[in-house]
Amino acid sequence: MPNMRKTITVKFNFGDNVLLKTERSVGRIVTGIITRPGGQMYELASGLESSWHHDVEIENEPVKKTAGFNNKH
């Protein structure tokens, strides 16, 4: 049987801190990714609750700067 590898590019990775565009006040973590013919869906967890969303519903959580540290790269 031939090797049937396929590379899939995802917008978010496991463990990423993200926000739903419709509910930016609640931080979530990517805990699952499922690939369907129409694209990927991401499982997002907040506390004990989790839900599935398309990438167009999600954005990266802004990085918070901490006082006292040099944040320049």
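None of the figures in this text is laboratory data; all of them are computed from the coordinates on show. If you're wondering where the values come from, they're calculated on a predicted model, not measured in any experiment. With ideal geometry, Cβ positions are generated from the backbone for all residues, glycine too; neighbour counts draw on all protein chains shown.
Quick one: dipole size for the chain, taken about the Cα centre, charges +1 on Lys/Arg Cβ and -1 on Asp/Glu Cβ, in debye to the nearest 20.
Using Cβ point charges on Lys, Arg, Asp and Glu, the chain gives about 320 debye.
Determine the shape class of the stretch 17-60: with a ≥ b ≥ c the square roots of the Cα gyration tensor eigenvalues, call it rounded for a/c under 1.5, and otherwise prolate if a/b is greater than b/c, oblate otherwise.
The shape class here is oblate.
Net charge near Ile58, counting Lys/Arg +1 and Asp/Glu -1 over other residues with Cβ under 14 Å of its Cβ?
Its environment carries a net charge of -3.
Express in nm, to one decimal, how much length is gained between Lys65 and Ile29 on full extension, taking 0.36 nm for each residue of separation and deducting their alpha carbon distance.
Between Lys65 and Ile29, full extension yields an extra 11.1 nm.
Quick query: amide H of Asp16 versus all other amide H atoms, modeled in the peptide plane; which residues come in under 5 Å with a sequence gap of 5 or more or a different chain?
Under 5 Å from the amide H of Asp16 lie the amide H atoms of Val30, each far enough along the sequence or on another chain.
Through the Karplus equation 6.51 cos²θ - 1.76 cosθ + 1.60, θ set to phi - 60°, convert the phi angles of the stretch 12-24 into ³J(HN,Hα) values in whole Hz; use x for Gly and Pro.
After applying 6.51 cos²θ - 1.76 cosθ + 1.60, I find 10, 10, 3, x, 5, 8, 9, 10, 7, 4, 8, 8, 6 Hz.
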